[in-house]
Amino acid sequence: MRNFQKYNTLFLILVILLGINAPAYAAGESYQVMGHAALKAEIDRDRHSFLLVDSRNPEEYREAHIPGAVNIPQKNMDEMFGLLPSDKDFQIIFYCNGVKCGKSRKAAQKAQKIGYTNVWVYSEGMPVWEEMGYSFYKGEEYEKKIETTQIAPLELKKTMAVEGNSITVVDVRDPEEFSQGHIPGAINLPLKNFAAGSGILAKENKIVVYCNSGGRSYGAYRKLMKLGYKNIYQAIFADWQEAGLPVEG
């Protein structure tokens, strides 16, 4: 059973990283799911052949969105159905903030309930689109610096011992750096693929991201905020080493 779960998880990560189209993963739903590469191909081919809908709230949309997308917040869909095409067979693609954001799925379900037949969800959402280096609209607030909540080495060590499986420590450096030495119990999720691989991180957990000196973990912290994670901390590996705490590798 454990091996099945392991290989199933690896398959899902591969699907995310390669942007492969896949059938809807929720039982009883008939919308289909597409990855970033498939959506990019659709846009490059003919952006007028479908409607791209950003299901996030207006503030998120104004900060950054995929070019050509219209903003129909999932919570306001009932009063904004008039923005959808009159042709119920026209392709509609919904997206929000990643694989654990339910807004695009709920929006797709609502569209199907009123008769739309060609409904898709770009499940990786805006964070992965940005991570892949595709073009996107940037609003005035996009570059605004965020304040991270930092956790000191000794406090982190104590928290890991006390909270156990309810805390996830993530090393966002490259695999080579991770193999040379990392915080015991940490998992490796490099910054360059962080949003794409974030589906393995439980939203109910406390998430601590770290790198050598803070630059990459700041980027990961920012991505976690955009992905909707609430209980986030940043640590510095150099501080952990300086404190004389154990290193695994």
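The numbers here are math on the coordinates, done by the rules we state, and not lab data. Worth saying up front: this structure is predicted, and the values here are computed from it rather than measured. Cβ coordinates were reconstructed from backbone atoms using ideal geometry, including for glycine residues, and neighbour counts include every protein chain displayed.
The length gained on full extension between Tyr142 and Glu59, counted as 0.36 nm times the residue separation minus their Cα-Cα distance, comes to 28.8 nm. Distance distribution P(r), the range 153-242, all Cα-Cα pairs, bin width 10 angstrom from 0: 18, 57, 26, 0 percent. Neighbours of Thr149, meaning other residues whose beta-carbon lies under 13 angstrom from its beta-carbon, give a summed charge of +1 when Lys and Arg score +1 and Asp and Glu score -1. Report the trypsin sites (Lys or Arg not before Pro) located in the range 92-175 that are in a DSSP loop and have at most 12 other Cβ atoms inside 10 Å of their Cβ, or state none. The qualifying sites are Lys144, Lys145. Using the rule -39500 (n - 2.57) for each DSSP H run of four or more residues, divided by the residues of the chain, the 222 nm mean residue ellipticity is -10500 deg cm²/dmol. Its alpha carbons considered, the range 54-130 gives a radius of gyration followed by a Dmax of 11.6, 32 Å. Taking the chain as a Gaussian network of alpha-carbon nodes connected by springs under 10 Å, the highest mean-square fluctuation of the residues Ser217, Ser198, Ser166 belongs to Ser166. How far is helix 153-163 tilted off the main Cα axis of the chain, in degrees rounded to 10, range 0 to 90? Here the helix axis deviates by roughly 70 degrees.
For the chain, the share of alpha carbon pairs falling in successive 10 Å distance bins from zero is 7, 29, 32, 20, 10, 2, 0 percent. Taking a point 7 Å out from the Cα of Asn231 in the direction of its Cβ, the residues of the range 178-211 whose backbone N falls within less than 13 Å of it are 202-208.
Placing unit charges on each Cβ (+1 for Lys and Arg, -1 for Asp and Glu) gives the range 153-242 a dipole about its Cα centre, and among Ser213, Asn165, Ile200 the Cα reaching farthest toward its positive end belongs to Ile200. Toward the positive end of the charge dipole of the chain, with +1 on the Cβ of Lys and Arg and -1 on the Cβ of Asp and Glu, the farthest Cα among Gly185, Gln112, Leu51 is that of Gln112.
Express the relative contact order of the range 153-242 as a whole percentage, based on alpha carbon pairs under 8 Å and six or more residues apart in sequence. If you can, show how the numbers build up before the last one.
Values: 132 pairs, mean separation 27.6, N = 90.
Relative contact order for the range 153-242 comes out at 31 percent.
When Met160, Met80 are sorted by how many other C-beta atoms sit within 10 angstrom of their C-beta, beginning with the fewest, the order is Met80, Met160. Charge dipole of the chain (Cα centre as origin; +1 on each Lys and Arg Cβ, -1 on each Asp and Glu Cβ, all else neutral): 520 debye, rounded to the nearest 20. Computed over the chain, relative contact order equals 17 percent, with contacts defined as Cα pairs under 8 Å that lie 6+ residues apart.
On a 19 Å Cα-Cα criterion, which of the cross-link pairs Lys138/Lys203; Lys206/Lys230; Lys100/Lys203 come out too long? Violating the 19 Å limit, Cα to Cα: Lys138/Lys203.
Angle of helix 215-226 to the longest C-alpha principal axis of the chain, folded into 0 to 90 degrees and rounded to 10: 40°.
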